[in-house]
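One structure is given here, and the rest of the page talks about it.
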Amino acid sequence: MATLRLSPSPARPTDPAATLVPWLVPALVLLLWQVLAANEIIPPRMLPAPLAVGQAAAEMAAEGKLVPHVLASAQRALLGFAIGGGLGFLLGLANGSFAWSGRLLDSSMQMLRTIPHLALIPLVILWFGIGETARVFLVALGVLFPVYLNTYHGVRTVDAGLLEMARNYGLSRWQTFRQVILPGALPSILVGVRYALGIMWLTLIVAETIAASSGIGKVTMDAREFLQTDVLVFGILLYAGLGKLADVAAKGLEKRLLAWHPSYVRAR
Amino acid sequence: MAPMALAAPPRPDAPTPASATPAAARGVAVAARGVAKAFGQRGVLRALDLAAAPGEFVAIVGRSGCGKSTVLRLLSGLEGADAGTLTIDGAAPFSGNPLARMMFQDARLLPWRSAAENVALAVGGDRARAAAALAEVGLGDRGGDWPGVLSGGQKQRVALARALVAQPRLLLLDEPLGALDALTRIEMQGLIERVWTEHGFTALLVTHDVAEAVRLADRVVVLDGGRVALDLAVGLPRPRHRGHHVFGEIEAAVLDRVLGVAADPAALHEIPAPCGLARTA
Ligand SMILES: Nc1ncnc2c1ncn2[C@@H]1O[C@H](COP(=O)(O)OP(=O)(O)OP(=O)(O)O)[C@@H](O)[C@H]1O
Ligand SMILES: [Mg+2]
């Protein structure tokens, strides 16, 4: 019933059978994969069976190798996101709200944005070496622009009629910002955040494959060296899982913050 | 802009709400003298003279683009005049003037605030006063709703509550009922007339609907060519009904002046000349 989510209809499927339907295809694929791999129709060295991947995961967890690596990756990602996203948010707010700031900085930002941040990797290694700073820097750079662009756009496109109303009703500058501009820009800002989260993981994956002494990238690089395809596949699944988790968190945030939005409104 | 010395209106000294004050005394005098306003090369108003006594209800009609909204925007301080003087209670207009509140054609409610919060915005977050104002416009039970789930008429009621909650002494209404269906519009006209009678503020109503102007206003003013082309007192007792023959006569006189046809019915079928200075040259 995935299409139902798009409609603002307050009626949601509550039938448990209906909520299971979307999982049917993935479950079948998994089953087929298991059968094919177990009968060695797919060679295990190319793609191990799902159960083998699960086993590898359990072993890693038992040896205490799983959690520290996941934490190391997550920490990097979030630190880079906080720095780059925070900077993009503040710059977007400033350039959207103050004409002088926008005139001074926006065209420069638009120019910088056209440089693919991953193309800077050699330069970044030259600047920071292959340490932690380089990876965090790359993530921050990657998320900066989507957050900036969407914040700037959101602030600039706040309904002019509402701003006029705020002036007429004597709202102070701060009140106008807090009550009108920020909530008005929020849908656009959250689009930027979700987009940036995707870039965050992508950048991290690339950055961790260069060189890392910890993190999921380290696990998969080691696994490749020792031809442990099961661990390798598990590492990829970990990245996917973390990406999904970030997306779910962003969606939850959206639902909470945009409860007023016509596509989320339920009669209170 | 030097404030003009007008006949000083009786003015309650105590801040609102002044329940003991007779309602009519709460309105403020509004005056425009020789006001001119141009946007770039386009002169919109020129030598506009317009006055409203305290508590008076004045309707402004005229062709689209004649500068009706501009008059209200000048009075609300959203625009500045190029020449002439505007006064509200003897003082020049400024944006955020607590004496004057504006109601727009679109309700302009913050979609991310509940109806009650939208109203409370005008009184620094005072929820009790917001609830009372919402009850006054008949939406006492909808305060918790998002604007997104309210109908167009209900949104305008909330906007009216927001305009009234701080007890303004001048209400500027820019086609507030223009987007509503005929039935809701009649209901809202009744509501506006009632709150105006009770609160006693001065009202300036811009409307396209001549019948609405005649029904509600003490005086109907026709704008044309950047100045007042007709200023007609409506002496009918309230509540007024369209069926009344004098109502019809006034309505026809205003409509004729708006369309610029004094006696030639054939001219009704011509394409109306654009509202501009050429016609009055
Ligand atoms: N900010 C502005 N910049 C340029 N021109 C403007 C601006 N505001 C109004 N105008 C012009 O001034 C003229 C009068 O506009 P105004 O909105 O006062 O008309 P109106 O009588 O309210 O029309 P309507 O009945 O269609 O609302 C129009 O020609 C309009 O294009
Ligand atoms: Mg207008």
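Here are a few things to note about the model shown:
- Accessible surface, per residue, of segment B:100-214 when the full set of protein chains is kept, probe 1.4 Å, Å²: 31
- Partners for residue A:244 among aspartates and glutamates (Cα-Cα distance below 18 Å; same-chain residues under 8 apart left out): A:254
- Per residue, chain A exposes 57 Å² of accessible surface when a 1.4 Å probe is rolled over the protein heavy atoms with every protein chain present.
- Around the amide H of residue B:229, modelled in the peptide plane, lie the amide H atoms of B:222, B:223, B:224, all under 5 Å away and 5 or more residues distant in sequence or on another chain.
- Chain B packed on chain A takes about 2200 Å² of accessible surface away from a 1.4 Å probe, both sides summed.
- Accessible-area composition of segment A:15-168, carbon plus sulfur, in percent [1.4 Å probe]: 74
- Sorting A:264, A:152, A:169 on solvent-accessible area from highest to lowest, probe radius 1.4 Å, gives A:264, A:152, A:169.
- Note, ³J(HN,Hα) from phi for segment A:47-52, Karplus 6.51, -1.76, 1.60, rounded to Hz, x at Gly and Pro: 8, x, 5, x, 5, 5
- In segment A:223-268, the residues whose accessible area drops by at least 40 square angstrom when the other protein chains are added to the isolated chain are A:260, A:265, A:268; the probe is 1.4 Å and only protein heavy atoms count.
- Rounded accessible area of residue B:70 (nearest 10 Å², 1.4 Å probe): 20
- The distance from the alpha carbon centre of segment A:99-157 to that of segment A:14-83 is 33 Å, rounded to a whole number.
- Only protein heavy atoms count here; on that basis, with a 1.4 Å probe, residue A:164 has an accessible area of about 40 Å².
- Note on segment B:107-167: with neighbouring protein chains present and a 1.4 Å probe, carbon and sulfur make up 47 percent of its accessible heavy-atom surface.
- Remark on segment B:98-116: accessible area falls by at least 40 square angstrom from chain-alone to full-complex state for B:101, B:108, B:110, B:112, B:113, probe 1.4 angstrom.
- The accessible-area ordering, largest first, of the residues B:223, A:112, A:91 stands as A:112, A:91, B:223, per a 1.4 angstrom probe.
- Between the helical axis of A:182-210 and the longest alpha-carbon principal axis of chain A there is an angle of about 30 degrees.
- Neighbouring partner chain Cβ atoms per residue of A:168-178, average, 10 Å criterion: 4
- For segment A:229-237, 3J(HN,Hα) per residue [Karplus equation, 6.51 cos²θ - 1.76 cosθ + 1.60, θ = phi - 60°, Hz, x = Gly/Pro]: 5, 5, 5, 4, 5, 5, x, 4, 5
- Angle in degrees between helix A:132-156 and the longest Cα principal axis of chain A, rounded to the nearest 10: 40
- Built amide H within the under 5 Å cut-off of residue B:57, gap 5+: B:203, B:218, B:219
- Most mobile of A:73, A:172, A:188 in a GNM of chain A (Cα contacts under 10 Å): A:172
- Comparing Cα centroids, segment B:185-226 and segment B:129-178 end up 17 angstrom apart.
- Delta accessible area of at least 50 Å² on complex formation, residues of segment B:134-179, 1.4 Å probe, chain isolated as reference: B:146
- Fraction of antiparallel bridges per DSSP, the protein assembly as shown only, in percent to nearest 5: 55
The values are calculated or read from the model by the stated rules, or taken from the named source; none is laboratory data. Here the structure is a predicted model, which is why all the values come from computation and not from measurement. Neighbour counts are summed over all protein chains in view; Cβ atoms, including those assigned to glycine, are modelled from backbone coordinates with ideal geometry. The accessibility values were calculated without ligands, DNA or RNA, using every heavy atom of the protein model including side chains. Shrake-Rupley method; radii C 1.70, N 1.55, O 1.52, S 1.80 Å.
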